[in-house]
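Please read through the structure below; I'll follow up with questions.
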Amino acid sequence: MTKVPLKVVVSGPVGAGKSTFIRTLSQTEVVDTDERSSENIGKTHTTVALDFGQIDLGDYLIHLFGTPGQTRFDFMWDILSEGALGLLLLVACDRPGDFPHARRILEFVTSRQSVPFIVVSTRNDVAEKAWQPADIAAYFDLPLEQVIAINAENVDSAKRALIRLMQQL
Ligand SMILES: Nc1nc2c(ncn2[C@@H]2O[C@H](COP(=O)(O)OP(=O)(O)O)[C@@H](O)[C@H]2O)c(=O)[nH]1
Ligand SMILES: [Mg+2]
């Protein structure tokens, strides 16, 4: 049976777990374009163009497109989000300093087109004194169902984010 291909965009600030999330979920070899970072973002390599992976989810074949986190790549948004089913906005629950950037991404995207999205809180397995989903929902002014806490390194946990997005459609 032919599966229905669905495009899902994975965005969020640098360090939110986009590359990890896509690597965890992808059943094909991930195409990534990590390069030595030109900005001081606390790690030497970062995604400059995109991450791509795909995952079989029942009747659907989900194509995951990870956007670069750095603001100078904003121009790629229109290209990446063309025809997208939905958006996963990743934020690391222990990096609240990056939330304003995440909110700007969300405002930027939703101002251009109406796209279903959820906020995915990552690093819940590592973080102490991290933000809880209810706090994150309040910050982004969203109902609690639109926020999910995961471990981006765990397949079952990461899959729950995709399923939650599908439930928003
Ligand atoms: N333990 C754990 N580590 C995570 C999680 N998400 C991301 N990381 C780690 O956080 C760092 C940043 O993740 P990365 O995928 O490079 O973020 P990106 O800049 O959004 O692509 C990496 O060291 C990851 O291994 C998570 O849910 N759990
Ligand atoms: Mg990355």
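The values are calculated or read from the model by the stated rules, or taken from the named source; none is laboratory data. Every value quoted in this text rests on a predicted model; they were computed, and no experiment measured them. Glycine also receives a Cβ, built like all others from the backbone with ideal geometry; neighbour counts cover every protein chain displayed. Keep in mind that these areas ignore ligands, DNA and RNA; they rest on the heavy atoms of the full protein, side chains included. Shrake-Rupley method; radii C 1.70, N 1.55, O 1.52, S 1.80 Å.
Could you tell me whether segment 58-81 includes any residue that is among the polar types (S, T, N, Q), part of a loop (DSSP other than H, G, I, E, B) and either away from ligand 2 (no atom under 16 Å from the Cβ) or at pLDDT 75 or above (or both)?
Yes, segment 58-81 contains at least one residue that is among the polar types (S, T, N, Q), part of a loop (DSSP other than H, G, I, E, B) and either away from ligand 2 (no atom under 16 Å from the Cβ) or at pLDDT 75 or above (or both).
Still on this structure, please answer the following. Open to solvent by 30 Å² or more (accessible area, probe 1.4 Å) and farther than 18 Å from Pro68 by Cα, is that true of Ile163?
yes
Would you point out the residue of segment 20-32, among those that are modelled with pLDDT of 90 or more and open to solvent by 10 Å² or more (accessible area, probe 1.4 Å), that is farthest from Ala152 (Cα to Cα)?
Looking at the filtered set, the residue picked out is Ser26.
Also, quick follow-up: How about segment 117-141: which of its residues are open to solvent by less than 60 Å² (accessible area, probe 1.4 Å) and within 12 Å of Ala102 (Cβ to Cβ)?
Those that are open to solvent by less than 60 Å² (accessible area, probe 1.4 Å) and within 12 Å of Ala102 (Cβ to Cβ): Phe117, Val119, Val120, Ser121, Thr122, Ile136, Tyr139, Phe140.
If you take the residues in segment 142-157 that are more than 13 Å from Val91 (Cβ to Cβ) and in a helix (DSSP H, G or I), which one is least open to solvent (accessible area, probe 1.4 Å)?
This residue is Ser157.
Starting from segment 118-140, take each residue that is farther than 16 Å from Gly15 by Cβ and list its partners that are acidic (Asp, Glu), counting only C-beta distances under 8 angstrom and pairs at least six apart or across chains.
Final answer for the pair search is Glu128/Asp94; Lys129/Asp94.
One line per residue, one yes/no per condition, for (1) away from ligand 1 (no atom under 16 Å from the Cβ); (2) under 12 Å from the mean Cα position of the chain (by Cα); (3) at pLDDT 70 or above:
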position	(1), (2), (3)
Lys7	yes, no, yes
Lys18	no, yes, yes
Thr47	no, no, no
Asp51	no, yes, yes
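Condition first: open to solvent by 50 Å² or more (accessible area, probe 1.4 Å), under 26 Å from Asp156 (Cβ atoms) and not charged (D, E, K, R). Can you find one or more residues in segment 76-94 that meet it?
no
Out of the residues in segment 97-113 meeting the condition of being under 30 Å from Ala130 (Cα atoms) and open to solvent by 50 Å² or more (accessible area, probe 1.4 Å), tell me which one is farthest from ligand 2 (Cβ to nearest atom).
Ser111
Might you check whether a residue that is modelled with pLDDT of 95 or more and within 10 Å of ligand 1 (Cβ to nearest atom) occurs anywhere in segment 35-44?
Within segment 35-44, none of the residues are modelled with pLDDT of 95 or more and within 10 Å of ligand 1 (Cβ to nearest atom).
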